[in-house]
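The values are calculated or read from the model by the stated rules, or taken from the named source; none is laboratory data. Just so it is clear, the model here is predicted, and its values are computed rather than measured. Glycine gets a Cβ as well: all are built from the backbone with ideal geometry, and neighbour counts include every protein chain shown.
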Amino acid sequence: MTSIAAQNVPKKASPSASILARILKLAALIAMDVLVVWFVTRLASLGYYPLVAAFAIITLFVNVVVLRKEAYPLRWMVVGLVLMALFTIYPIFFTVWVAFTNYGESHLITKQQAMDQILNEKYLPAEGKAYTWTAFKSEQGDYALWLVDPDGNGYLVKVGQVVTQPKPGEAGIGELDDKGIPITIAGYQRLNPFLAATDKNLTQVLFGEAGKTIQVRSPTEAAELLPLYVYDSTQDAMINQETGVIYTNLRGTFTSSAGQSLRPGFVASIKINNFRDFFISPALRGPMVQLVTWNFAFAFFSLLLNFSLGLAIAILFNDPAFPFKKFIRSLLIIPYTVPALITILIWRGMLNPQLGVISRALENLFGWSPPWFTDQWWAKIAILLVNLWLSYPYFMLICSGSLQSIPPDIYEAALVDGANPWQKFRRITLPLLLVAVGPLLIASFTFNFNNFNLIYLFNAGGPPIAGTPTPAGHTDILISYVYNLAFSGARGVNYGFAAAITIIIFVIVGAITLFQYRYTRMWEEVSENV
Amino acid sequence: MSSMTKYQQFRTSATAQRRFGIGVRLVIAVLLIIFSIFPILWVISASLNPTGTLATQTLIPKNPGFGNYLTLLRMDQFPFWNWFLNSIKIASITSVLSLAITTLAAYAFSRFRFRGRQTMLKALLLINVFPGLLALVATFLMISQVGDVLPFIGLNNHLSLILVYLGGSMGINIWLMKGFLDTVPRDIDESAMVEGASDWQIFIQLILPLLRPILIVIGILNYIGTYGEFVLARVLLRSNETYTLMVGLQIFAGAQFQQRWGVFAAGALMGAVPIMIIYLALQDQIVGGLTQGAVKG
């Protein structure tokens, strides 16, 4: 055991080389830290706090691993661990967080960002002053306005400065024309009314001091504008200054009691609402029950069909004397060697209702071919058929492997006892085989439970179920439904709800896998092998 | 005597039954082979059929030719050759880097004893329980957020896709590799250590050459998996020239399926054949890997 302990300490190289190496290592570490700090600051300024936390923790971990001697073994795997933490573990946590929020269409930004946008809106108060205006522009592109109020008084206003009321001769103001507007202002050039009215930048400029700004509202009018909304933190509400309506924060949108809402909304915690919607929302209940039922049925029947065919073939050809055995096997596993995506698209072509070879052959033979893509039951059958073609070679391979490991003397004993072939299969082959391939069957069930590629590529979950609040199809399974929620955008993405369903799938898959571990005692084996 | 004839009768009837059985089974085998290779034959035929639409295809095309393949490589709107190269590039880089990462980690797990070692090994297995597909939405949001600051690891970028693939490649592969490493006798390391070799030298010069067979199998399985991966690539890549072959074929199928079936068939074949060859050549090793719990993705 001493040699093992000794291995944990790095070997010493020559002293000068090791000092140089240490300096280089420290320099690299510091450079990395500086980059990460910059990166994280930028992320924080965009409001991506979960990501900030993830990067901070991971960087801390890397520093510890590089600096502490005890962490030497971890240096061998630090890159892998960092990548795993970022791209496997963080997404799991992030999914959990998103599942409890309303993240999605019109709820994409942080509360602060949304409030900034809302608080930026202005209105003209009833008692507010309106002026006629004339624009001046300096060489540098700064604007100044000359305002004339209804009483004929002239005012000068620049960006960020208090409104002044200079006489000609003061502050560079030249002679006034007959309308009371200075012909010249030192350093500025007077814009002709047409140019000024069509200058798009001008309407964006806030003149005067902050909080009491003056803005160009029309070609003839500039006015003193006030913020339309004021935020009241005690009520967590926006109050409209013009109408007095109170918009309270409701699930991430400021909403009035009359149901009107302010745009934009923001990401907010909505507690378990996503999960509640999944389980009890009346509008969703019908489609969800259908979806979940089909999801389980699809995984179950896929497994049953694929395993049965694979096993049947394995038993048929489980005979050392069978001619061309190797050749036949090579031909039979061909479906398994084609990338699944390509297979699925090929079958989509072959089953194409008007043009596909299978449909045309059936038309010629019977004058009728099943509506593979438009009828929900035929679509389901088609999917099971394609999956059968895709996966039976896998089961054939694992079954024939396990069959060969069943000792032949058991069959001889059965023969002596006068067992018929069915009894041999039912009482000997099947039980022994299930022990060997059971775990793989469970793994295959969970794989098919989430077989997104097949469902999405074959028919995108179609045909659609009529009258659902979000798009769902008769052959959709949970994971393809989640994909539609998050990425199709047909009726607005809803990441929060998608994440909540993802977690429900997590739970189902996790339970099945736990069962698999118990069933196979795999966990105990793992514990012994580490 | 009578028992003897009975036995002979039994024998002859058994052989006859056997012959009959083999005959029936050969017929079944032929039917199954037709079921399993018909789609492939049909695609080969479609790819050689000059008319090129789904409606006009017959199993043995009239005037076969390679016109569809030429069309395929010349389409501006669907840069097939780019997609193919993208797929090869991404799959190669991913499988090489993932081998490096997993081998180093497996070496540490196999040779060093440190606190948290068992917990980490078990955690790797547990994390694998969650299919990466499920974290799709979160991965997408994360990459798009990172991309807001560093566009070269953001959406529509091969680097970010490769990093995501690498992040998912720890786990089972480390277990497989560690299992293999545990069978390499420690005497080898220890004698080298006595001679003053560092861990790194031992790993590179002694252990790595011994690992070659398993490195090849894991590497190739990883390559095939990455090459055929669809969902992550579909979600993270956003423009025509960055697509991988699988994404490209799906998009082509969505847009042009019926009119240009022949061209699609040519593309599908060119995409599938390299993988089919690898599979058939390495049949036995891959079958070995299957029984250890790999499920095709």
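Overview of values
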item	result
Selection count where residues are at the interface with chain A (Cβ under 7 Å from one of its Cβ atoms) and polar (S, T, N, Q), scope the range B:132-151	2
Residue in the range A:330-367 that is farthest from the chain's Cα centre (by Cα), counting only those that are in a helix (DSSP H, G or I), closer than 17 Å to A:Leu390 by Cβ and more than 8 Å from chain B (Cβ to nearest Cβ)	A:Ile358
Which numbered condition A:Trp378 misses (of (1) within 12 Å of chain B (Cβ to nearest Cβ); (2) surrounded by fewer than 22 Cβ atoms within 10 Å (Cβ to Cβ); (3) under 38 Å from the mean Cα position of the chain (by Cα))	(1)
Hits in the range A:142-156 (condition: more than 15 Å from A:Asn192 (Cα to Cα) and under 49 Å from the mean Cα position of the chain (by Cα))	A:Asp142
Qualifying residues in the range B:148-179 (those that are among the aromatic types (Phe, Trp, Tyr) and modelled with pLDDT of 85 or more) - the one farthest from A:Tyr90 (Cα to Cα)	B:Phe152
Residue among A:Lys212, A:Lys137 that is in a strand (DSSP E or B) and of a type in the set (D, E, K, R)	A:Lys137
Complete set of residues in the range A:106-141 that are among the charged types (D, E, K, R) and in contact (Cβ under 8 Å) with a residue 40 or more places away in the chain	A:Lys111, A:Glu121, A:Lys122, A:Lys129, A:Lys137, A:Glu139
Candidate set: the range A:220-241, residues that are part of a loop (DSSP other than H, G, I, E, B) and surrounded by 13 or more Cβ atoms within 10 Å (Cβ to Cβ); chosen: the one nearest to the chain's Cα centre (by Cα)	A:Leu228
Every pair of residues 6+ apart whose Cβ atoms lie under 7 Å, when the first sits in the range A:84-100 and is facing chain B (nearest Cβ under 8 Å) while the second is among the aromatic types (Phe, Trp, Tyr) and buried (at least 18 other Cβ atoms within 10 Å of the Cβ)	A:Ile92/B:Phe130; A:Val98/A:Tyr495
Which listed residue is touching a Cys at 6+ places or on another chain (Cβ under 7 Å), touching a residue at least 40 places away in the same chain (Cβ under 8 Å) and either surrounded by 14 or more Cβ atoms within 10 Å (Cβ to Cβ) or more than 30 Å from A:Lys111 (Cβ to Cβ) (or both), from A:Leu262, A:Leu311	A:Leu311
Where a residue in the range A:440-457 is buried (at least 21 other Cβ atoms within 10 Å of the Cβ) and its partner, wherever it lies, is of a type in the set (Asp, Glu) and modelled with pLDDT of 90 or more, with Cβ under 7 Å and at least six apart	A:Ile455/A:Asp476
Helices (runs of 4 or more DSSP H) (entirely within the range A:409-525) containing at least 2 residues that are over 30 Å from A:Ile270 (Cα atoms)	A:421-424, A:430-449, A:452-459, A:495-520
Matching option when the condition is surrounded by 14 or more Cβ atoms within 10 Å (Cβ to Cβ) and of a type in the set (A, V, I, L, M, F, W, C), among A:Ala144, A:Ala210	A:Ala144
Options A:Leu35, A:Leu74, A:Leu60, A:Leu26: the member that is modelled with pLDDT of 90 or more, in contact with a Phe, Trp or Tyr (Cβ under 8 Å, 6 or more places away or on another chain) and not basic (Lys, Arg)	A:Leu74
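Listed here are the residues, each with its yes/no results for (1) surrounded by 15 or more Cβ atoms within 10 Å (Cβ to Cβ); (2) at pLDDT 90 or above; (3) within 7 Å of chain A (Cβ to nearest Cβ).
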| site | (1), (2), (3) |
| --- | --- |
| B:Leu48 | yes, no, no |
| B:Asn68 | yes, no, no |
| B:Phe84 | yes, yes, no |
| B:Ile101 | yes, yes, yes |
| B:Lys122 | no, no, yes |
| B:Ile127 | yes, no, yes |
